[in-house]
Amino acid sequence: NVGPRCPGHKGISLSGLPPPASVLGSCLQPAPAQTPVSIVLTPPSPVAGGGVSLAPEPATQGILTCNWYRSATTDENSRILTYIPGPPPVQSNGPNHTGRETAGPGCALTIAGLTLSDTGSYTVRIESPTNPGLGSLPLPHPRPSDGALGVSSGMNRTQESWLPAPPRPPRRDGDL
């Protein structure tokens, strides 16, 4: 008795090994490697109350499912939704779904009515027979909408924060 042999591993015998070692040395096939996925944020500077799209790139052919998570990890408790492209397309909402998220072609995630609580990491896991992928993106704080910056607001937007508008210089005779 020579024991089990792994295909492609000539001469490897697991006979005579204690049971735990024979399990560790068994012919387990490795899981397919996850391809890094970039996520494109549109618009790149989200606006409070507006919408944003997170689209995985490069586009993957033959997608079976994609899962979106409101986290840097793929923990089930942070799952927003699972999308099955179909036909017909199916969306199954997860425990972290707020009612404002939808998925669409290419596994793009759309979030409507952005709030400060939407800020944070988003992760997509794409299941595909040939090219499974995984990627994360931090969603920045949405900036106030332009309507919130009306002339009477006295606010100027900077890249990092909101600051009061600088005082106007005093008017001089002859100024229009």
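The values are calculated or read from the model by the stated rules, or taken from the named source; none is laboratory data. Small disclaimer: the values here were computed from a predicted structure and weren't measured. FYI the Cβ positions are ideal-geometry reconstructions off the backbone, even for glycines, and counts take in every protein chain you see. When the accessible area is computed, the model is the full protein with side chains, heavy atoms only, and any ligands, DNA or RNA have been set aside. Shrake-Rupley method; radii C 1.70, N 1.55, O 1.52, S 1.80 Å.
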Please state the relative contact order of region 54-103 as a whole percent: Cα pairs under 8 Å, 6+ residues apart?
-> 29
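Taking all protein chains in place and a 1.4 Å probe, what share, in percent, of the accessible surface of region 33-135 do carbon and sulfur account for?
Percent of accessible area from carbon and sulfur atoms in region 33-135: 60.
Over region 90-139, with the other protein chains present, what is the accessible area per residue in square angstrom, probe 1.4 angstrom? Display every interim value, and only then the final one.
Details: 2180 Å² over 50 residues.
That works out to 44 Å² for each residue.
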Would you mind putting 91-98, 62-69 in packing order, based on average other-beta-carbon counts within 10 Å, highest first?
-> 62-69, 91-98
